[in-house]
Structure formats: structure tokens, C-alpha cells
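One structure below.
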Amino acid sequence: MRNYHLRRNSKWCPTINLDKLWTLVSEQTRLRYKDHPEGKAPVIDIVKAGYYKLLGKGSLPKQPVIVKAKFFSKRAENKIKKIGGCCVLQA
């Protein structure tokens, strides 16, 4: 059987949940940005960690965060914006 223009792994999309998001950065980074006077937020790039999509299971601490990912679920995006964070899409 022939299969023209076969695309292997076209639906491959590793995911991570919100409750595991802070495991991608060190504890020192989290504490440094916790009470920052200028309101700076840490940037967490989940694509560099090997994940493409952020799912909304779990909860986040009340600390703003900037998350870079290829895909976001609606629940994850709403939870990040609710605490004052930002979602950045990457190509």
C-alpha cells in the first residue's frame, strides 16, 4: 500500500499542566521575583523544556508569570491572566 505525502507524528504535542509549571524554574528564581518592587514577573519558556502545550489542571500561586508556549488551553490562559500574568505564543 502506498501512502503519498506521509506525515509522521503530525499530532505530536507534549503537554504540561499548570500545577507542574513552577518546577521548570529554580526556587531561587521564584523567590527573587516574589516581592519585586517594580512588579517584574519571571518568564517561563516551556518550549525550551520540551513541552508545546500548557493545560489548565491545577492552580498557580498568586504570583504573576509570563509563559511562552506554542499552544494554551482556555482554562490555562484564563488562570494565568486571573493572577496578573501573560501568555505569549511562540511559532
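Summary of values
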{"read-out": "Members of segment 41-65 that are out of contact with any Gly (no Cβ under 6 Å at 6 or more places or on another chain) and of a type in the set (Val, Ile, Thr)", "value": "43, 44, 46, 47"}
{"read-out": "Residue under evaluation residue 81, criteria (1) in a helix (DSSP H, G or I); (2) modelled with pLDDT under 95; (3) not β-branched (Val, Ile, Thr), criterion not met", "value": "(2)"}
{"read-out": "Extreme residue, nearest to residue 57 (Cα to Cα), among residues of segment 7-45 that are exposed (fewer than 11 other Cβ atoms within 10 Å of the Cβ) and hydrophobic (A, V, I, L, M, F, W, C)", "value": "12"}
{"read-out": "Top-ranked residue in segment 44-79 [being without any contact (Cβ under 8 Å) to a residue 40 or more places away in the chain and among the β-branched types (Val, Ile, Thr); ranked as nearest to residue 13 (Cα to Cα)]", "value": "46"}
{"read-out": "Yes/no for residue 54 being part of a helix (DSSP H, G or I) and either more than 12 Å from the chain's Cα centre (by Cα) or at pLDDT 95 or above (or both)", "value": "no"}
{"read-out": "Top-ranked residue of segment 58-75 - restricted to ones that are assigned to a loop (DSSP other than H, G, I, E, B) and within 12 Å of the chain's Cα centre (by Cα), ranked as surrounded by the fewest Cβ atoms within 10 Å (Cβ to Cβ)", "value": "70"}
{"read-out": "Qualifying residue in segment 29-43 (condition: of a type outside the set (Val, Ile, Thr), on the phi > 0 side of the Ramachandran plot and modelled with pLDDT of 90 or more)", "value": "no"}
{"read-out": "Selected residue [over 17 Å from residue 25 (Cβ atoms) and touching a helix residue (DSSP H, G or I) at 6+ places or on another chain (Cβ under 8 Å)] from 74, 81, 57", "value": "57"}
{"read-out": "Flag for residue 41 being of a type outside the set (Ser, Thr, Tyr), in contact (Cβ under 8 Å) with a residue 40 or more places away in the chain and assigned to a loop (DSSP other than H, G, I, E, B)", "value": "yes"}
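The values are calculated or read from the model by the stated rules, or taken from the named source; none is laboratory data. Note that the structure is a prediction, hence the values are computed from the model and not measured. Neighbour counts run over all protein chains shown; Cβ positions are idealised from the backbone, glycine included.
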